[in-house]
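Chemist: Supplied in structure tokens, the structure appears directly below.
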Amino acid sequence: MAWAVSRWLRRPVAPLGNLVGGSERWYSWRGHRVAYTVRGNGPALLLVHGIYAAASSYEWRRVVDTLAARHTVYTIDLLGFGRSDRPAARYSPGLYIDLLSDFLRDVAAPCTLIASALSAAYAVATADRHPERVAALALVEPTGYARGARNSGRWGALLRIPLAAAYHLITSRAALRRDLTLSYAYATRASDDTIEHLHRSAHQPGARRAPSAFLALQLSLDLRRIWPTLLHPTLLIWGAHPHLSTLADLRAFRATRPAADAAVIEAAGDLPHDECPDDFIEVVTAFLSGVRQDSLVLPG
């Protein structure tokens, strides 16, 4: 019986299509193909999705078109996620910082990085390493300072074994719906179409490799040394009803860099760009136009 259930959970799913629009392109990096899109004209923005089992640039689908009215907007599927290759690589913070650094050098620099959660920490590290390639940062609930800073190191390899075995249960439709509704301020926003896309993304060939490293804390990055010294214009964006983070985390980031702008979007949880795209675009556009954001609370 257990064998039959396991086989049913592992049945093939349809390949992912490009659901964010724009011109589809491929970046060749270390022998792998990295999917990205581009649209619009103007100062460059690179949108970097968060890291979780079903992650992809689909996360930005509700904001790309409006941002492209004034900017050249790139979206990227990080290695191991979305439509990019998912090789049996050694996934680490360094791998993703290298990928972002090289992508900026070869494709999009100078560029404003707009990134979510753990990828926001990688954006900070990329700006610290190559300040000339990054114009500004807009960070959605970044990890690495108040939370998510501890990397499991070599012990993470042991943690990956049970996580890999349980992967298909962790990424079932029911589990993905539960996680998404917790990340939203309003559970009714978790549509069936979104759950179906997340499920397909989480079950592409090789899909468990990068998420298993994430769940084993091998992708965590400590920003406590570099965050206070960063000189780039920075906007911190939080939902007023976060599940994975807290507003205390926002205060911790601001305490060591009070010059950083901050915007709190009232009707959102962990994914304000997905839940409240108009409000998200408003605060990002104001920031990019030089308008100071200071813990701005938008009406729901």
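Quick note: the coordinates plus some simple rules give every number you see, no bench work behind them. Computed from a predicted model, the values in this text were never measured in an experiment. Neighbour counts are summed over all protein chains in view; Cβ atoms, including those assigned to glycine, are modelled from backbone coordinates with ideal geometry.
Chemist: Using only helices, what value at 222 nm comes out for the chain when you add -39,500 (n - 2.57) per DSSP H run of length 4 or more and divide by the total residues, to the nearest 500 deg cm²/dmol?
Modeler: Working: 12 runs with 103 residues, N = 300.
Calculated from helices alone, the mean residue ellipticity at 222 nm is -9500 deg cm²/dmol.
Chemist: Right, here's the next one. Please list, ordered by chain and number, the residues whose modelled amide H lies under 5 Å from the amide H of Gly80; skip anything fewer than 5 residues away on the same chain.
Modeler: Asp85, Arg86
Chemist: Under unit Cβ charges (Lys, Arg +1; Asp, Glu -1), what dipole magnitude, rounded to 20 debye, does the stretch 22-298 have relative to its Cα centre?
Modeler: On the way: 30 positive and 26 negative charges, 203 e Å.
The calculation lands at about 980 debye.
Chemist: With loop defined by DSSP as not H, G, I, E or B, and exposure as at most 16 other Cβ atoms within 10 Å, which is the longest segment of the chain clear of exposed trypsin sites (Lys or Arg not before Pro)?
Modeler: Numbers: sites that count: Arg10, Arg30, Arg70, Arg90, Arg147, Arg150, Arg224, Arg225, Arg292.
The longest uninterrupted stretch comes out as 151-223.
Chemist: Ala44's amide H: which non-local residues (gap 5+, or another chain) put their own amide H closer than 5 Å, with H modeled 1.01 Å from N in plane and none for Pro or chain starts?
Modeler: Placed amide hydrogens put Thr72, Thr112 under 5 Å from Ala44.
Chemist: Another question, if that's okay. Rounded if a/c is under 1.5, else prolate if a/b beats b/c, else oblate: with a ≥ b ≥ c from the C-alpha gyration tensor eigenvalues square-rooted, which is the stretch 60-147? Don't skip to the answer; put the middle values down first.
Modeler: On the way: a/c = 1.35, a/b = 1.21, b/c = 1.12.
Verdict is rounded for the stretch 60-147.
Chemist: Could you list Thr72, Thr229, Thr246 in order of exposure, starting from the residue whose Cβ has the fewest other Cβ atoms within 10 Å? Mind dumping the intermediate values first?
Modeler: Values: Thr72 17, Thr229 9, Thr246 14.
Fewest-to-most ranking of Thr72, Thr229, Thr246: Thr229, Thr246, Thr72.
Chemist: I'd like to know which of Val134, His168, His199 lies farthest towards the positive end of the charge dipole of the stretch 22-298, counting +1 on Cβ of Lys and Arg and -1 on Cβ of Asp and Glu.
Modeler: Going by the charge dipole, the pick is His168.
Chemist: Name the residue from Gly22, Ile265, Pro277 whose Cα lies farthest towards the positive end of the charge dipole of the stretch 22-298, charges +1 on Cβ of Lys and Arg and -1 on Cβ of Asp and Glu.
Modeler: Gly22
Chemist: Give the label of the value calculated from the structure for Cα extents along the principal axes in Å, choosing from (1) 57, 53, 35; (2) 69, 36, 36; (3) 60, 41, 39.
Modeler: Read-out from the structure maps to (3).
Chemist: Using modelled amide H (1.01 Å from N, peptide plane; none on Pro or chain starts), what sits under 5 Å from the amide H of Ala138, excluding residues fewer than 5 places away?
Modeler: Correct list: Leu113, Ile114, Ala115, Leu235.
Chemist: Hey, if you put +1 on the Cβ of every Lys and Arg and -1 on every Asp and Glu Cβ in the chain, which of Tyr186, Phe287, Val107 ends up farthest toward the positive end of that dipole?
Modeler: Val107
Chemist: Using Cα-Cα distances under 8 Å and only pairs 6 or more residues apart, what relative contact order does the chain have, in percent? It would help to have the intermediate numbers written out before the result.
Modeler: Working: 605 pairs, mean separation 57.8, N = 300.
For the chain, the relative contact order is 19 percent.
Chemist: Another question, then. Please give the charge dipole size of the stretch 1-144, origin at the Cα centre, charges +1 on K and R Cβ atoms and -1 on D and E Cβ atoms. Round to the nearest 20 debye. Numbers along the way, then the final one.
Modeler: On the way: 16 positive and 11 negative charges, 106 e Å.
So the magnitude is around 500 debye.
Chemist: Tell me, what HN-Hα J-couplings in whole Hz come from the Karplus equation 6.51 cos²θ - 1.76 cosθ + 1.60 at θ = phi - 60° for each residue of the stretch 198-212, using x for Gly and Pro?
Modeler: Rounded to whole hertz, the list is 4, 5, 5, 5, 7, 10, 6, x, x, 5, 7, 5, 5, x, 5.
Chemist: With a 10 Å cut-off between alpha carbons and a GNM built on the chain, which of Leu139, Leu113, Leu247 moves the most?
Modeler: Ranking Leu139, Leu113, Leu247 by mean-square fluctuation puts Leu247 first.
Chemist: Could you identify which residue out of Pro228, Pro242, Pro110 has the top mean-square fluctuation in a GNM of the chain using Cα springs shorter than 10 Å?
Modeler: Among Pro228, Pro242, Pro110, the largest mean-square fluctuation in the Gaussian network model of the chain belongs to Pro228.
Chemist: Let me ask something else about it. Karplus couplings for the stretch 247-256 from phi (6.51 cos²θ - 1.76 cosθ + 1.60, θ = phi - 60°), rounded to Hz, Gly and Pro as x?
Modeler: 5, 5, 5, 4, 5, 5, 4, 5, 4, 9
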